[in-house]
Structure formats: structure tokens, C-alpha cells
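Data block below; observations after.
The values are calculated or read from the model by the stated rules, or taken from the named source; none is laboratory data. Treat the numbers as computed from the prediction; the structure is a model and nothing was measured. Backbone-built Cβ (ideal geometry, glycine too); neighbour counts: all protein chains shown.
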Amino acid sequence: MGAKAAAGPSARERLLTAANELFYDEGVHTVGIDRVIERAGVAKASLYNTYGSKDELVRVYLEQRHAVIAARISKYLERYAGPRERLLGVFEAQGELFAEPGFRGCAFVSASAESPGEAVSRAADGYRGWVRGLLTSLAREAGAPEPEKLGRQLHMLYDGASLSARMDRDPSASAAARAAAAALLDAALAAA
């Protein structure tokens, strides 16, 4: 008997793809669940059987974005051997995100502003914790005497670059943030 035809994406995958497109482009609050269902081409029951609620779909959407961004930045940093270059590479990787045609800013900031709630807060906290942890870890590897302090400062640059790239429609904001990060790192190392 011949090979069975490959199945298409599951209802779960279609819902998540539709949510990612609509929520990121238009906002989690303004996009109704009916639009997600229509875009995904599934029955309303599929959404509730799979995710249970819109809040849960929003949480999973944000967690998926976190995973994609984390993997992308981690892969980008593989090109660098030294800790200084890797730390500054975070801002370069961020610049690649800013240069994408569909860049609309930080999904976590947008979702938190539009639809504050426990599910959004947990997802945003997880993402922000990852970013700060990465920057702190790289600061420690680079020899910064107070890596937590420097990690917090670098995180503020990271957030500011994202906001500037979105609000000013300026993908080069990451280059300015990288230069500021280099100055902060060099000052921290000189003080050691």
C-alpha cells in the first residue's frame, strides 16, 4: 500500500499561527477570538478544546515568541568565541529583528500594555527574565565585577532600543544600543 499523504498542520498549529500573525500585527486586545478562528480555518470548539480560553492562547502565543527569539539570539551568538563579542552580539541580533519588514516592536510590551493579566504577565516575566539572565551571564563571563548591575543596565538598553526601533521606525537603534553597551562594559571592566 502507498504511503499515507502527509497531514497538514493540526488545529493547534493553525490556531497558533493565526494568533501569532493577528496578535502581533494588530494587538491581543483588539483581535477577537472569532478572527483567529476564521484565519485558522477551524471550528470554535477547536479553540476551546485546545486552549480553553483566549487568555491561554495569548500566553502560548507569547511563549512561542519567546522560544523563537531565544533560539534566534542563541544561534546568532554562536558565531562569536569571546564573551565581550557575544554580549555585544545580543544587540546585533536584536538589530536583525528590527530590520524585518513586519517588525512591530516588542510583543511582550504590547501585550502587557493592551491586556494586563496573569497569563500575559507570566509570559512577559519569563521572557524578560531570560533576556536579563542572558545579559547578566554574558557580563559575568566578560569579567564584569557586578554582573547583575551591568545586566540590568544592559537590559534597559535592550528595551530602549526596541522601543526606539518601533516608535522612530529606526532599525539602527540597535547599533546605538550596542555602542552604549560597549561603553558600559568597558567602564565596568576598567573599574575592576
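Data for the structure
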| read-out | value |
| --- | --- |
| Index of the failed condition, residue 151 passing every other in (1) more than 18 Å from the chain's Cα centre (by Cα); (2) closer than 16 Å to residue 88 by Cβ | (1) |
| Matching residues, region 73-87, being assigned to a helix (DSSP H, G or I) and under 23 Å from residue 153 (Cα atoms) | 73, 74, 76, 77, 83, 84, 85, 86, 87 |
| Test: residue 85 is under 22 Å from residue 171 (Cα atoms), modelled with pLDDT of 95 or more and acidic (Asp, Glu) | yes |
| Residue pairs meeting the criteria (Cβ under 8 Å; at least 6 apart or on separate chains; first farther than 17 Å from residue 77 by Cα and free of Cβ contacts under 8 Å to residues at least 12 places away in the same chain, in region 134-153; second in a helix (DSSP H, G or I) and among the charged types (D, E, K, R)) | 147/140 |
| Flag if residue 46 is surrounded by 15 or more Cβ atoms within 10 Å (Cβ to Cβ), more than 15 Å from residue 20 (Cβ to Cβ) and among the polar types (S, T, N, Q) | yes |
